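Novice: Okay, handing you the structure first.
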Amino acid sequence: MIKITRPRDSAPADLIRRGRAELRKNLALEPKKRVFKEYGSTAVRERLAELFGRKCMFCESLLAGTQSGDVEHYRPKGKVVVTVKTAKVAAEVIPGYFWLGAKWPNLLLSCSDCNRPRTQDDFDGNARVIGKANFFPLVDETKRAKGTWRVRQEEPLLLNPCIDDPAEHLVFLEDGRVEARVIDGVPSAKGTASIYYLGLARAELLQMRARHGRMVRAAIRHTLSALKEGRDPGADLEDLEAFLMPTEPYVAFSRVLIYKYMREHLAALGLSV
Ligand SMILES: [Zn+2]
């Protein structure tokens, strides 16, 4: 995940008008009968992809060529699962942020594995249900917003790439693993929760990041060899530039590798991480 700036006034024009109409209808309905359709329009999906790339805004996996991606609500629209069911206690589920159902700043493009609950192997080989689903944990549950005017007092535990700088909360290791950044001796709570709920350390994702890392390291190796021998790095430098484009997959990880091995050459090569 990387920090991404959502341009001001970038919402599809129709979304604002149609979203207001949908909200007016939903305000008159009981929570269970509310209908949310406007967020999922082709215009919304295409605008998100145009601005942020055809990739998941959470795990940075490419959607292009495999799936259209989910238009995901950062704050869940229908309901919020506060606590999961255990053997002794029923799940605690509360109404969602229905007034944000078609609000542009609440919409992100996500892959189905980050978004939808599905049993997957985690980093440790143990299978568990992974996916953001209707989770939206807060630092302090008592500050949960009950209406639009109280959203600002919430402290969400899940990273939002359009608000937070994920690099302050997540650390990528050279083999593709990810951990919560330790700040003053304590792992970032946002990093920890985001890795857990979004499954940023799920086994298949680690394999894909490791595979990507091998390609980045090859371009680094070839570029460094060219520099050492006084040759023009040519296509390998172009590959490095491409790996660093914000719309490319696993950019957060590419930045870490390129900085680690090439920091003293970055300025001369015109690379910015
Ligand atoms: Zn994802």
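Only the coordinates and a few stated rules stand behind these numbers; no lab work does. Model, not experiment: these values are computed from the prediction. Cβ sites come from the backbone with ideal geometry, for glycine too, and all protein chains shown count toward neighbours.
Novice: Can you list the lysines whose alpha carbon sits under 22 Å from that of Lys260, skipping same-chain ones fewer than 8 residues off?
Specialist: By straight Cα distance, Lys260 reaches Lys3, Lys228.
Novice: Next question. Ordered by residue, what ³J(HN,Hα) values in Hz, to whole numbers, does the range 140-150 give under the Karplus form 6.51 cos²θ - 1.76 cosθ + 1.60, where θ = phi - 60° and Gly and Pro are x?
Specialist: Along the range 140-150, the couplings run 10, 4, 5, 9, 4, 5, 9, x, 4, 6, 9 Hz.
Novice: Viscosity 1.567 mPa s, temperature 4 °C: Stokes-Einstein D of the chain from its Kirkwood Cα radius, in µm² per second?
Specialist: The estimated diffusion coefficient comes to 64 µm²/s.
Novice: Could I ask something else about it? Among His212, His169, His222, whose mean-square fluctuation peaks in a Gaussian network model of the chain (Cα, cutoff 10 Å)?
Specialist: His222
Novice: Quick one: if you take sqrt(5λ) for each eigenvalue of the C-alpha gyration tensor of the range 108-186, what semi-axes come out, biggest first, whole angstrom?
Specialist: Working from the Cα gyration tensor, I get semi-axes of 25, 19, 13 Å.
Novice: Would you tally the net charge around Val35, using a Cβ to Cβ cut-off of less than 11 Å, leaving Val35 out, and scoring K and R as +1, D and E as -1?
Specialist: The answer is +4.
Novice: Only four residue types carry charge here, +1 at the Cβ of Lys and Arg and -1 at the Cβ of Asp and Glu. Report the dipole size of the range 204-269 about the Cα centre in Debye, rounded to the nearest 20.
Specialist: Around 340 debye, computed over the range 204-269.
Novice: Compute log10 of I(q)/I(0) for the range 204-269 with the Debye formula, placing one identical point scatterer on every Cα and leaving out solvent, at q = 0.15, 0.18, 0.22, 0.26 Å⁻¹, to two decimals.
Specialist: Debye intensities relative to I(0), on a log10 scale: -0.44, -0.62, -0.89, -1.19.
Novice: To continue, here is another question. By its C-alpha gyration tensor, with a ≥ b ≥ c as the square roots of the eigenvalues, how is the range 1-70 shaped: rounded for a/c under 1.5, else prolate for a/b larger than b/c, else oblate?
Specialist: prolate
Novice: Two-decimal Rg/Rh of the range 67-205 from alpha-carbon positions, Kirkwood Rh?
Specialist: 0.96
Novice: Give me the extension gain from Arg217 to Arg231: residue separation times 0.36 nm, minus the current Cα-Cα distance, reported in nm with one decimal.
Specialist: Answer, rounded to one decimal: 3.2 nm.
Novice: Please list the non-local residues whose amide H lies under 5 Å from the amide H of Ile130, H modeled 1.01 Å from N, same-chain partners needing a gap of 5 or more.
Specialist: Counting only residues 5 or more places away or on other chains, the set is Arg118, Thr119, Gln120.
Novice: Mind checking the dipole of the chain: about its Cα centre, +1 per Lys or Arg Cβ, -1 per Asp or Glu Cβ, Debye to the nearest 20?
Specialist: For the chain, the charge dipole is close to 1420 debye.
Novice: Which order, highest average first, do 252-260, 25-33, 155-163, 143-151 follow once you tally other Cβ atoms within 10 Å for each residue and take the mean per peptide?
Specialist: 252-260, 155-163, 143-151, 25-33
Novice: Which one, Ser41, Pro117, Ala218, is farthest towards the positive end of the dipole of the chain when Lys and Arg carry +1 and Asp and Glu -1 on their Cβ?
Specialist: About the Cα centre, the residue reaching furthest to the positive side is Ser41.
Novice: What list of ³J(HN,Hα) values in whole Hz, one per residue of the range 58-72 in order, does the Karplus curve 6.51 cos²θ - 1.76 cosθ + 1.60 (θ = phi - 60°) give from phi, with Gly and Pro shown as x?
Specialist: Computed from phi, the couplings for the range 58-72 are 8, 9, 6, 6, 5, 9, 3, x, 10, 7, 7, x, 9, 7, 9 Hz.
Novice: For the range 133-225, what is one quarter of the convex hull surface built on the Cα atoms, given in nm²?
Specialist: Here the figure is 8.2 nm², rounded to one decimal.
Novice: Given a Förster distance of 30 angstrom, what is the FRET efficiency for Asp175 paired with Glu50, based on the Cβ-Cβ distance and rounded to 0.05?
Specialist: About 0.35, to the nearest 0.05.
Novice: Report the rotationally averaged projected area of the range 50-146 based on its alpha-carbon convex hull, in square nanometres.
Specialist: The directionally averaged projection comes out at 8.0 nm².
Novice: Ok, one more. At most 16 other Cβ atoms within 10 Å and a DSSP loop assignment: could you name the trypsin sites (Lys or Arg not before Pro) in the range 56-136 that fit?
Specialist: Hits after loop and neighbour filter: Lys85, Lys88.
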